[in-house]
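Asks: Following this message is one structure expressed as structure tokens.
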Amino acid sequence: MPTEVLVMCTGCGRPQPARKGPCVACGVALPDAPVPSASAPEQPFLSLEWRGGRTLVGVDRRLTYRADTASSPLVVELGNLRSVTLGRRFLLEALAVVPLAIVLALLLPSMRPVAAAASGLALLVAVLWRRYFLVLGWAHGGGIRWPLGTARLGSARALRIDTAWASAAPALASRGVSVQEAPGTLGPRA
């Protein structure tokens with residue numbers, strides 16, 4: 001909470017916040033007093049943004065997550081957290097194409113090359129792409145998972161997430177939160 005400096009008017013003796021200008025009651029010039037400078041807002045220790053309005057920002061002792069521009073932000077005080085974990089997992093959803101390709105190849109033998117190509121492409125996507133998420137562990141037990149998005153290995157987006165986490169992890173640890181990086185952790189969904 002900011003400190004307020006008061007001065008006494010030399011004309012009427014009323015206390016007032018220190019400022020330049022006349023007294024609000026009698027109009028006499030207020031005496032000079034040291035005015036505390038407005039503290040600059042603290043810089044975020046974690047800041048990630050994606051298309052569609054998804055954001056994750058860590059400032060002071062709070063983490064704020066917004067899934068998209070239409071949703072309201074979720075704010076979590078770091079004092080309520082036991083741990084924060086950055087998770088990555090394979091994009092296994094792409095493998096849903098494989099059973100469909102097998103059925104297609106069995107029903108239409110002439111489509112086997114197309115089915116094989118689709119299966120290979122799905123496997124390649126599953127191996128080269130990662131789904132990123134943040135798992136927050138509550139101090140009282142339980143947790144929540146905030147999806148951060150998907151990124152191809154070695155892409156600018158993946159590098160941005162890894163760089164942001166590398167700078168945020170020590171900041172979270174200095175604020176008393178256990179930090180971890182688990183490549184395959186699956187936690188409860190947000």
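The values are calculated or read from the model by the stated rules, or taken from the named source; none is laboratory data. Because the structure is a prediction, the values reported are computed rather than measured. So basically every Cβ, Gly included, is an ideal-geometry build from the backbone, and we count neighbours across all protein chains shown. Heavy atoms of the whole protein, side chains included, go into the accessibility calculation; ligands, DNA and RNA do not. Shrake-Rupley method; radii C 1.70, N 1.55, O 1.52, S 1.80 Å.
Asks: Could you report the accessible area of E181 in Å², rounded to 10, computed with a 1.4 Å probe on the protein chains as they sit in the structure?
Replies: Accessible area of E181: about 100 Å².
Asks: Something else: List the residues, sorted by chain then number, that are 5 or more residues from L91 or on another chain and whose placed amide H is less than 5 Å from its amide H.
Replies: For L91, whose amide H was placed from the backbone, the distant partners under 5 Å are W129, R131.
Asks: Suppose each label sits 7 Å from its Cα in the direction of the beta carbon; what would the S47-S178 distance come out to in nanometres?
Replies: For S47 paired with S178, the spin-label model returns 3.1 nm.
Asks: Need one value: the accessible area of L74 in square angstrom, 1.4 angstrom probe, rounded to the nearest 10.
Replies: 80
Asks: Just by accessible area at a 1.4 angstrom probe, what is the order of M8, M111 from largest to smallest?
Replies: Final ranking, largest accessible area leading: M8, M111.
Asks: Carbon and sulfur: what percent of the chain's accessible surface (1.4 Å probe)?
Replies: Within the chain, the accessible surface is 63 percent carbon and sulfur.
Asks: So, one more: Can you list which of the DSSP-assigned H helices in the chain have a Cα extent of 18 Å or more along the long axis and an average Kyte-Doolittle score of at least -1.0?
Replies: What comes out of the filter, once short or polar helices are dropped, is 112-128, 156-174.
Asks: Taking a 1.4 Å probe, which of I161, I102, I144 shows the most accessible area, and what order do the others take after it?
Replies: Largest to smallest exposure gives the sequence I102, I144, I161.
Asks: Mind jotting down the distance between the C-alpha centroids of region 28-107 and region 156-175, whole Å?
Replies: First find each Cα centre; the distance between them is then 12 Å.
Asks: Which of R82, R19, R130 moves most in a GNM of the chain, Cα contacts under 10 Å?
Replies: With Cα springs under 10 Å in the chain, the top fluctuation among R82, R19, R130 is at R19.
Asks: Please list V57, V103 from largest to smallest accessible area, probe radius 1.4 Å, with all protein chains kept in place.
Replies: I get V103, V57, largest accessible area first.
Asks: What Rg and what Dmax come out for region 110-190 when only alpha-carbon atoms are used, in angstroms?
Replies: Computed over the Cα atoms of region 110-190, radius of gyration and Dmax are 17.3, 62 Å.
Asks: In Å², what does the accessible area per residue of the chain work out to with a 1.4 Å probe?
Replies: 60
Asks: Now, a different point. How big is the charge dipole of region 110-182 about its Cα centre, in debye rounded to the nearest 20, if each Lys and Arg gets +1 on its Cβ and each Asp and Glu gets -1 on its Cβ?
Replies: 200
Asks: Gain in length, L128 to M111, computed as 0.36 nm per residue apart minus the alpha-carbon separation, to one decimal in nm?
Replies: So the chain would gain 3.5 nm between L128 and M111.
Asks: Among G142, G11, G176, which one shows the highest mean-square fluctuation when the chain is modelled as a Gaussian network with alpha-carbon springs under 10 Å?
Replies: It is G11.
Asks: Compute, for S110, the solvent-accessible surface of its heavy atoms (probe 1.4 Å) with the complete set of protein chains present, and express it in square angstrom to the nearest 10.
Replies: Probe radius 1.4 Å; accessible area of S110 about 100 Å².
Asks: Name the residue from Q180, C23, T10 whose Cα lies farthest towards the positive end of the charge dipole of the chain, charges +1 on Cβ of Lys and Arg and -1 on Cβ of Asp and Glu.
Replies: The Cα lying farthest towards the positive end belongs to Q180.
Asks: Tell me the net charge near V84. Cut-off is 12 Å between Cβ atoms, V84 excluded, with +1 for each Lys or Arg and -1 for each Asp or Glu.
Replies: +2
Asks: Could you size up the charge dipole of the chain around its Cα centre, putting +1 on the beta carbon of Lys and Arg and -1 on that of Asp and Glu, and report it in debye to the nearest 20?
Replies: 440
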